[in-house]
Ligand SMILES: Nc1ncnc2c1ncn2[C@@H]1O[C@H](COP(=O)(O)OP(=O)(O)OP(=O)(O)O)[C@@H](O)[C@H]1O
Ligand SMILES: [Mg+2]
């Protein structure tokens, strides 16, 4: 493909730089950066199908801010050289991430925007992200399909699993090690729920989810993009002078299909006032504060009540010596034994807490 055909048609002009593409048994596809956008061109039918599929997906994503805008495509009758060529907006070149938390939240909103449009990207790897100003844009939509379909299985994993896998693989330059930790804990939850492999549809859709001690609502937001009916409860004040629920409502107001419901409430009161059952509940790094507020027996009764009303309960707690960790929890085994009074307990993942001589384990109770 020469630039001249496009110059004649007034679509793309000037310097073309070859920046990517591939060849395989079916044929070849070439990617160029031009002053007018990214040109992808192919000679073969197989790549034509996947490139036109990409342009359709970019059309569905148009206006979201999470995918390049589709600009133009041409089939063979108009082209001298290639069989098919497309022009899409240039998302630019990735910059280093300076705010891991913003990037992680951007990835949640990216998957939310796709699923809101009932699309699956299907190949959400790091090379297929352009990250600028900590904001991710997904490129390379050639594998994409409606989420209800099984689709091509280049990556068998769900987009949300891939997204959090990408986040977990990135250590933030600003040292926010909570960024990979949130992602890894959610990967453990999705794994236990059997929701990591794409089989068509969203397996957790419609299930009730509550995060007790949700801070700014990151886990409820992750549950929303699985299609869950997701809520978070938090008293709000964690760092002095901050109201995490108010901040969280601001952070997630543009989450699609909708923001999580965040309650600013004492967890004891909320559980007493709400009698409905939940499919999935979690309590991460919150139990010691409940013990501080109302004593061990009351906090234990609360956990017992939540587990009784939950299909599955996910629990993580500081060990003694890690901040407010209770004296009774010297080692992970102490937490496991304690949880076993209510059901079958599994230790899912153990993650070091940076800056503390400690790690924390996520357990499930069924
Ligand atoms: N819209 C875009 N904006 C900026 N860069 C892009 C855009 N589209 C593609 N690129 C660049 O071109 C490279 C190759 O494009 P793309 O990922 O779509 O195809 P590919 O990876 O070669 O194909 P495949 O994954 O099917 O082998 C990307 O890694 C990226 O660097
Ligand atoms: Mg690619």
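At a glance:
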| read-out | value |
| --- | --- |
| Exclusive hit being closer than 23 Å to residue 214 by Cα and within 16 Å of ligand 2 (Cβ to nearest atom), set 138, 163 | 163 |
| Residue ID - surrounded by the fewest Cβ atoms within 10 Å (Cβ to Cβ), chosen from residues in the range 349-366 that are more than 17 Å from residue 286 (Cβ to Cβ) and in contact (Cβ under 8 Å) with a residue 60 or more places away in the chain | 355 |
| All positions within the range 141-151 that are over 13 Å from residue 111 (Cα atoms) and either surrounded by fewer than 21 Cβ atoms within 10 Å (Cβ to Cβ) or more than 16 Å from ligand 2 (Cβ to nearest atom) (or both) | 143, 145, 146, 148, 149, 150, 151 |
| Filter pass, residue 356 being modelled with pLDDT under 95 and not in a strand (DSSP E or B) | yes |
| Enumerated helices (runs of 4 or more DSSP H) restricted to the range 243-310, each holding at least 3 residues that are touching a residue at least 12 places away in the same chain (Cβ under 8 Å), within 15 Å of residue 365 (Cα to Cα) and in contact with a helix residue (DSSP H, G or I) (Cβ under 9 Å, 6 or more places away or on another chain) | 287-308 |
| Residue in the range 154-166 that is over 26 Å from residue 58 (Cα atoms) and touching a helix residue (DSSP H, G or I) at 6+ places or on another chain (Cβ under 8 Å) present | no |
| Qualifying residue in the range 58-78 (condition: within 15 Å of ligand 2 (Cβ to nearest atom), more than 19 Å from the chain's Cα centre (by Cα) and assigned to a helix (DSSP H, G or I)) | yes |
| In the range 325-348, the residues that are free of Cβ contacts under 8 Å to residues at least 40 places away in the same chain, over 23 Å from the mean Cα position of the chain (by Cα) and surrounded by 14 or more Cβ atoms within 10 Å (Cβ to Cβ) | 325, 326, 329, 332, 334, 335, 336, 338, 339, 342, 343, 345 |
| Filter result for residue 222 (assigned to a helix (DSSP H, G or I) and under 26 Å from residue 275 (Cβ atoms)) | yes |
| Condition met for residue 73 (surrounded by fewer than 16 Cβ atoms within 10 Å (Cβ to Cβ) and free of Cβ contacts under 8 Å to residues at least 24 places away in the same chain) | no |
| Check on residue 58, in contact (Cβ under 8 Å) with a residue 40 or more places away in the chain, surrounded by 17 or more Cβ atoms within 10 Å (Cβ to Cβ) and near ligand 1 (Cβ under 10 Å from one of its atoms) | yes |
| All positions within the range 111-127 that are within 16 Å of ligand 2 (Cβ to nearest atom) and over 15 Å from the mean Cα position of the chain (by Cα) | 127 |
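Here's the yes/no breakdown for (1) touching a strand residue (DSSP E or B) at 6+ places or on another chain (Cβ under 8 Å); (2) modelled with pLDDT under 95; (3) farther than 22 Å from residue 114 by Cβ; (4) not in a strand (DSSP E or B):
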site: 175; (1), (2), (3), (4): no, yes, yes, yes
site: 186; (1), (2), (3), (4): no, no, no, yes
site: 190; (1), (2), (3), (4): no, no, no, yes
site: 201; (1), (2), (3), (4): no, no, no, yes
site: 210; (1), (2), (3), (4): yes, no, yes, no
site: 227; (1), (2), (3), (4): no, no, no, yes
site: 232; (1), (2), (3), (4): yes, no, yes, no
site: 237; (1), (2), (3), (4): no, yes, yes, yes
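Yes or no, residue by residue, for (1) within 15 Å of ligand 1 (Cβ to nearest atom); (2) in contact (Cβ under 8 Å) with a residue 60 or more places away in the chain:
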| site | (1), (2) |
| --- | --- |
| 88 | yes, no |
| 100 | no, yes |
| 107 | no, yes |
| 128 | yes, no |
| 137 | yes, yes |
| 149 | no, no |
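The values are calculated or read from the model by the stated rules, or taken from the named source; none is laboratory data. All of these numbers come straight from a predicted model, not from anything done at the bench. Here the Cβ is made from the backbone with ideal geometry for all residues, glycine too, and neighbour counts use every protein chain on show.
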